[in-house]
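Trainee: Before I ask anything, here is the structure I am working with.
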């Protein structure tokens with residue numbers, strides 16, 4: 001449900017940015033707001049606290065962000081409070097930023113491998129992703145998960161390419177369980 005809410009509100013903000021030709025500015029502002037919430041979890045606790053009335057939450061939000069970010073972004077945050085969706089702001093921000101980056105041809109990829117990848121391996125992976133996707137550049141995140149045993153898992157958005165040995169062994173195990181002797 002949170003993904004749907006993030007998409008709905010994120011799309012609305014994105015359409016506003018495109019309409020007003022402020023995508024770059026709004027992307028920076030959203031990144032600033034997202035970072036503010038991340039660095040100050042107590043602020044989100046305040047905005048989601050059930051005993052604090054909406055008007056106080058809105059006043060507090062406006063005091064913090066008004067003048068620092070555009071009225072469009074403040075307006076979106078106010079609407080989330082009015083609809084009791086403020087806990088979904090991080091999801092909304094993430095969706096908006098990824099959609100804005102996609103518009104600019106920047107892909108977000110997460111590569112998980114069993115061991116730490118060397119620089120030349122990382123460069124080859126990024127080069128191959130650029131060749132095989134519509135993106136011009138990538139923001140890469142690398143993770144290590146020894147339980148993969150070998151191979152890697154590459155995630156770009158909601159697409160996954162899994163060539164890990166763990167997955168291959170699990171698939172083989174399922175196939176062997178269906179064989180009747």
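Quick note: the coordinates plus some simple rules give every number you see, no bench work behind them. In this text the structure is predicted, and so the values were computed from the model without any measurement. Virtual Cβ from ideal backbone geometry, glycine too; neighbours counted across all protein chains shown.
Trainee: From zero up to wherever the largest Cα-Cα distance of the chain sits, split into 5 Å bins and tell me the percent of pairs in each.
Mentor: 1, 7, 13, 15, 14, 12, 11, 9, 8, 5, 3, 1, 1, 0, 0
Trainee: Dividing the convex hull volume of the alpha carbon atoms of segment 86-137 by its residue count, what do you get in Å³ per residue? Please report the intermediate quantities before stating the final value.
Mentor: Values: hull volume 5.0 nm³, N = 52.
Given the Cα convex hull of segment 86-137, per-residue volume reads 96 Å³.
Trainee: Assuming a viscosity of 1.567 mPa s and a temperature of 4 °C, what translational diffusion coefficient in µm² per second does Stokes-Einstein assign to segment 53-111, Rh being the Kirkwood radius over Cα pairs?
Mentor: Values: Rh = 12.9 Å.
D, rounded to a whole number, is 101 µm²/s.
Trainee: Something else now. In deg cm²/dmol and to the nearest 500, what is the mean residue ellipticity at 222 nm of the chain if only DSSP H runs of at least 4 residues count, each as -39500 (n - 2.57), divided by the residue total?
Mentor: Values: 8 runs with 111 residues, N = 181.
Value at 222 nm, helices only: -19500 deg cm²/dmol.
Trainee: Relative to the longest principal Cα axis of the chain, at what angle does helix 2-20 sit, 0 to 90 degrees, rounded to 10?
Mentor: Relative to the chain, helix 2-20 is tipped by roughly 60 degrees.
Trainee: If I fit a long axis through the Cα atoms of helix 89-103 and take the longest principal axis of the Cα atoms of the chain, what angle between them do I get, 0 to 90°, rounded to 10?
Mentor: Approximately 70 degrees, to the nearest ten.
Trainee: Antiparallel versus total DSSP beta bridges in the chain: what percent is that, nearest 5? Present the calculation step by step, with values, prior to reporting the outcome.
Mentor: Numbers: 9 of 18 bridges.
Antiparallel bridges make up about 50 percent of those DSSP assigns within the chain.
Trainee: Give me Rg/Rg_expected for segment 2-101, where Rg uses Cα atoms only and Rg_expected = 2.2 N^0.38 Å with N residues. Walk me through the numbers on the way to the answer.
Mentor: Details: Rg = 12.6 Å, N = 100, 2.2 N^0.38 = 12.7 Å.
Rg over 2.2 N^0.38 Å, computed on Cα atoms: 0.99.
Trainee: Using per-residue counts of other Cβ atoms within 10 Å, averaged over each peptide, order 149-159, 94-104 from highest down. Provide the component values of the computation, followed by the final result.
Mentor: Numbers: 149-159: 14.2, 94-104: 18.1.
Ranked by mean Cβ neighbours within 10 Å, highest first: 94-104, 149-159.
Trainee: Quick one: angle between helix 54-65 and the longest Cα principal axis of the chain, in degrees between 0 and 90, rounded to 10, please.
Mentor: Roughly 80 degrees, rounded to the nearest 10.
Trainee: Order these peptides, 43-54, 23-34, by their mean beta-carbon neighbour count within 10 angstrom, highest first.
Mentor: Details: 43-54: 12.5, 23-34: 18.0.
Listed from highest to lowest mean packing, they are 23-34, 43-54.
Trainee: Dividing the alpha-carbon Rg of segment 106-178 by 2.2 N^0.38 Å yields what? Show your work: numbers first, answer last.
Mentor: On the way: Rg = 13.6 Å, N = 73, 2.2 N^0.38 = 11.2 Å.
So the Cα radius of gyration is 1.21 times the expected 2.2 N^0.38 Å.
Trainee: Kindly put 37, 138 in sequence by how many other C-beta atoms sit within 10 Å of each C-beta, fewest to most. Please report the intermediate quantities before stating the final value.
Mentor: Numbers: 37 16, 138 20.
Placing the least packed residue first, the sequence is 37, 138.
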